[in-house]
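The values are calculated or read from the model by the stated rules, or taken from the named source; none is laboratory data. Everything numeric in this text was worked out from a predicted model, so none of it was measured. Cβ placement follows ideal geometry from the backbone for every residue including glycine, while neighbour counts extend to all protein chains displayed. To get the accessible areas, we keep the full protein, side chains included, count just its heavy atoms, and leave off ligands, DNA and RNA. Shrake-Rupley method; radii C 1.70, N 1.55, O 1.52, S 1.80 Å.
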Amino acid sequence: MNFPIDRIDLRELKKGIDFAFRDFSRTYGDAIEAFFDPLMYFMVWLEQLMINAPWQVMVFIFAFLAWLGSRSVLLVLGTVCSFALIYYLRMWEDTMATVAIISVATLTCIGIGIPLGVLMARSNRVQAIVTPILDVMQTIPSFVYLIPVVMLLGIGKVPGLLAVCIYAMPPIVRLTNLGIRLVDKEVLEAAESFGASYRQKLFDVQIPLALPNIFAGVNQTIMMALAMVVIASMIGVKSLGVPVLRAISNQYLALGLMNGLAIVVLAIIFDRVSQKYGQRLQKHRQGGHDV
Amino acid sequence: MMSDIKVKIKHLYKIFGSNPTAMVNHVKNGISKQELLSQYRHVLGLKDVNINVPARGVQVIMGLSGSGKSTLIRHINRLIEPTDGEIIVDGKNVLKMNINELRDFRRHTLSMVFQKFALLPHYTVMDNVAYGLKVQNIPIEKARQRSQKWIDRVGLSGFEYNYPAQLSGGMQQRVGLARALATDAEILLMDEAFSALDPLIRTDMQDILLDLQEELHKTIIFITHDLDEALRIGDNIAILRDGEVVQQGTPQEIVLHPADDYVNDFIKDINRARVLEVSSVMDDKLIDHGPDIDINMVIEEALPRLSAMTAPKGVVTQDGKAVGSVCLDRMVAAIARPKSTSNSKTIYS
């Protein structure tokens, strides 16, 4: 077969890209790493805090947070039992490390994703630019972007966080954008007719009315971050993914199953609590009429 | 009468499409709506609309759906930008305002009531009514205090802490009305405000509005497709068809002298007795005895007066003085449905 580009040119092209990126990461890698240092120290500090605190205290905190979010006795009981079981099965440290990185990742995704979603909703041009980027972030095999991330930042928590965020951020951006665009045009028009400024419209009308969708986005982001934990552990993130990886390479069935189930339990707790919280924010929708 | 003009709409054009400004001249040169659409792919929304809205009166703008009435009312607070023309409110050109002036104008000078209520579903009744004040950055406690008066006024006391979804349609529109009144704006824009309500509730709301108007004397611009409603509450009526004003006048003038078949079709089914005043059927022959009937009384009220006394004629009075007479036959003749002026069935698009 005849290809327009021959084998040697193609190899040169690939080499060119590789060397260019290698030079780039050699020149700027340290500076970029230094830039992320505070983030890394914070993550280490949070993880150590959660691991070193007495486990009863941590279980109490989780139970309290579950109560705050869901107001459901059943969920609180489930949370307490699950974490106690995790402790007795000696998965506590990895679980705490997992919760720590998920929390930081989720907060990062919310902090960047919601404003980005708001911008997208405001301008069709931003939407046209961001949407394909989100598509790439969601579909590209995660191993592919692990390569440049590791080249640039080495292995450790920060590149792990980056990998998790790349994978987990798209849903919150998309659903914030969608939620705001779906806000009833008449209500928005009413706000405008009373002389609301852009800020007033955003914070009094658009975001509150988009909350069900934004919350669905937060929920999805948490779930996807948890799913990414195993892959992040390949680049040195301490989490439940590490024993899972060891189980894969050594064919330890029980080890893999137990740690895998611990991830499932975490996922269920996060999911139910955040969904219940999202529902409670929608109290005003109760009643006989649709608005 | 009310001579000062509050809102002046001058030569207003609105064309929808990719290059509306280029189309204005075509329209001014008399191209039709259909031609504009087929030749240039632009939609004519409003064409040379001129309306003077007197202060402290109710100006009704009516037309069928698609006639441009909702588009027109949104020009007054510039929710829609016109293609050409002027809108003068209190001597100021609304279209020349910059974004800050426009915001202040919307906050203080006019407020709007919407067909589908457009309440904030996540706010209580109280906070919905206070919304206009909140937008003005009035502290929420003070805003709520001022809102309470209007909640009581529209008859929603006791529902302050309900959410809109928990109220019926009629109650929701009371919230909408209270919200518009709470800012003390002098101009009230009502976009088919009562059209989504069932007939009994609609009459109820009209009563509330007329009641309030007697006390507040706002300048109200009221959009409707219902002529009975227009005749009931309007001091002046402008009838819109395909974006053009086809007739303007008092309810009397429109019922007595419809400008064309379109208007005629509109008025043929209305209760004429409720609109026509004695002045339109009287003559100035003075008679000696008969029941007193005021010159501005509508025929609906005058008829039972005559029939109760089995008198064939009544004495028409103005400010207590006799100015003429009116006979039963002419009143009955006046309220009979007029014959259609054309036999062809007209279809309005």
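Let's see how each residue does on (1) farther than 22 Å from A:Ala267 by Cβ; (2) surrounded by 18 or more Cβ atoms within 10 Å (Cβ to Cβ); (3) touching a Ser or Thr at 6+ places or on another chain (Cβ under 6 Å); (4) not hydrophobic (A, V, I, L, M, F, W, C):
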residue: A:Cys109; (1), (2), (3), (4): no, yes, yes, no
residue: A:Gly113; (1), (2), (3), (4): no, yes, no, yes
residue: A:Gly117; (1), (2), (3), (4): yes, yes, yes, yes
residue: A:Ile133; (1), (2), (3), (4): yes, no, no, no
residue: A:Gln138; (1), (2), (3), (4): no, no, no, yes
residue: A:Tyr145; (1), (2), (3), (4): yes, no, no, yes
residue: A:Gly154; (1), (2), (3), (4): yes, no, no, yes
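Based on what the data block shows, is B:Leu95 within 25 Å of the chain's Cα centre (by Cα) and touching a residue at least 12 places away in the same chain (Cβ under 8 Å)? Explain how you work it out, then say what you get.
Values: within 25 Å of the chain's Cα centre (by Cα): yes; touching a residue at least 12 places away in the same chain (Cβ under 8 Å): yes.
Here the answer is yes, as B:Leu95 does meet what is asked.
Considering each of A:Phe35, A:Phe60 in turn, give the residue that is of a type in the set (Phe, Trp, Tyr), out of contact with any Phe, Trp or Tyr (no Cβ under 7 Å at 6 or more places or on another chain), part of a helix (DSSP H, G or I) and surrounded by fewer than 13 Cβ atoms within 10 Å (Cβ to Cβ).
Being of a type in the set (Phe, Trp, Tyr), out of contact with any Phe, Trp or Tyr (no Cβ under 7 Å at 6 or more places or on another chain), part of a helix (DSSP H, G or I) and surrounded by fewer than 13 Cβ atoms within 10 Å (Cβ to Cβ) holds for just one of A:Phe35, A:Phe60, which is A:Phe35.
Name the residue that is farthest from B:Pro291 (Cα to Cα), counting only residues in the stretch B:309-339 that are in a loop (DSSP other than H, G, I, E, B) and aliphatic (A, V, I, L, M).
Keep residues of the stretch B:309-339 that are in a loop (DSSP other than H, G, I, E, B), which gives B:309-312, B:319-320, B:336-339.
Now narrow it down to the ones that are aliphatic (A, V, I, L, M): B:309, B:311, B:336.
On the way: B:Met309: 8, B:Ala311: 8, B:Ala336: 23 Å.
If we take residues in the stretch B:309-339 being in a loop (DSSP other than H, G, I, E, B) and aliphatic (A, V, I, L, M), then B:Ala336 is farthest from B:Pro291 (Cα to Cα).
Which of the residues that make up the stretch A:63-99 are open to solvent by 100 Å² or more (accessible area, probe 1.4 Å) and not hydrophobic (A, V, I, L, M, F, W, C)?
Matches in the stretch A:63-99: A:Arg71, A:Tyr88, A:Arg90.
Residue under question is B:Asp84, and the condition is that it be open to solvent by 30 Å² or more (accessible area, probe 1.4 Å), more than 17 Å from A:Glu189 (Cβ to Cβ), over 22 Å from the mean Cα position of the chain (by Cα) and touching a residue at least 12 places away in the same chain (Cβ under 8 Å); does it hold?
Judged against the criteria, B:Asp84 is a match.
Considering each of A:Met223, A:Met258, A:Met228 in turn, give the residue that is under 19 Å from A:Ile101 (Cβ atoms) and open to solvent by 10 Å² or more (accessible area, probe 1.4 Å).
Result of the check over A:Met223, A:Met258, A:Met228: A:Met223.
For the condition modelled with pLDDT under 90 and either in contact with a Gly (Cβ under 7 Å, 6 or more places away or on another chain) or open to solvent by 50 Å² or more (accessible area, probe 1.4 Å) (or both), what is the one hit in A:Val264, A:Val291, A:Val244, A:Val273?
When all the criteria are applied, what remains is A:Val291.
Just a yes or no: is a residue in the stretch B:122-136 touching a residue at least 24 places away in the same chain (Cβ under 8 Å), in contact with a helix residue (DSSP H, G or I) (Cβ under 6 Å, 6 or more places away or on another chain), facing chain A (nearest Cβ under 9 Å) and of a type in the set (D, E, K, R)?
no
Give the stretch A:25-46 a look and list any residue that's touching a residue at least 40 places away in the same chain (Cβ under 8 Å) and hydrophobic (A, V, I, L, M, F, W, C), or say none.
Result: A:Ile32, A:Phe36, A:Leu39, A:Met40, A:Phe42, A:Met43, A:Val44, A:Leu46.
Please give the helices (runs of 4 or more DSSP H) falling wholly within the stretch B:220-290 in which 1 or more residues are without any contact (Cβ under 8 Å) to a residue 60 or more places away in the chain and more than 26 Å from B:Val7 (Cα to Cα).
It comes to B:251-256, B:261-267.
Quick one: B:Thr71 ticks every box in (1) within 14 Å of chain A (Cβ to nearest Cβ); (2) surrounded by fewer than 19 Cβ atoms within 10 Å (Cβ to Cβ); (3) among the hydroxyl-bearing types (Ser, Thr, Tyr) bar one, so which box is it?
The single condition B:Thr71 does not satisfy is (2).
On the given criteria, is B:Ala182 open to solvent by 10 Å² or more (accessible area, probe 1.4 Å) and either among the aliphatic types (A, V, I, L, M) or assigned by TED's automatic domain parsing to the domain that holds B:Met297 (or both)? Steps first, please.
Working: open to solvent by 10 Å² or more (accessible area, probe 1.4 Å): no; either among the aliphatic types (A, V, I, L, M) or assigned by TED's automatic domain parsing to the domain that holds B:Met297 (or both): yes.
No: the conditions fail for B:Ala182.
Those residues that are away from every other protein chain (no Cβ under 12 Å) and among the basic types (Lys, Arg), I need them from the stretch B:79-114; list them, please.
At the first step, the residues of the stretch B:79-114 found to be away from every other protein chain (no Cβ under 12 Å) are B:81-96, B:98.
B:Lys92, B:Lys96, listed by residue number.
Name the residues in the stretch B:293-308 that are outside any strand (DSSP E or B), under 20 Å from B:Leu256 (Cα atoms) and either open to solvent by 50 Å² or more (accessible area, probe 1.4 Å) or of a type in the set (Gly, Ala, Ser) (or both), would you?
B:Asn296, B:Glu300, B:Glu301, B:Ala302
Of the conditions (1) without any contact (Cβ under 8 Å) to a residue 24 or more places away in the chain; (2) assigned to a helix (DSSP H, G or I), B:Leu79 satisfies every one except a single condition; which number is it?
Unmet for B:Leu79, out of (1) without any contact (Cβ under 8 Å) to a residue 24 or more places away in the chain; (2) assigned to a helix (DSSP H, G or I): (2).
Search the stretch A:168-215 for residues being surrounded by fewer than 19 Cβ atoms within 10 Å (Cβ to Cβ) and more than 14 Å from chain B (Cβ to nearest Cβ), and hand back the single one that is farthest from B:Asp191 (Cα to Cα).
A:Leu178
Quick check: is even one residue across the stretch B:218-225 open to solvent by 10 Å² or more (accessible area, probe 1.4 Å) and modelled with pLDDT of 90 or more?
Yes; the residues of the stretch B:218-225 include at least one that is open to solvent by 10 Å² or more (accessible area, probe 1.4 Å) and modelled with pLDDT of 90 or more.
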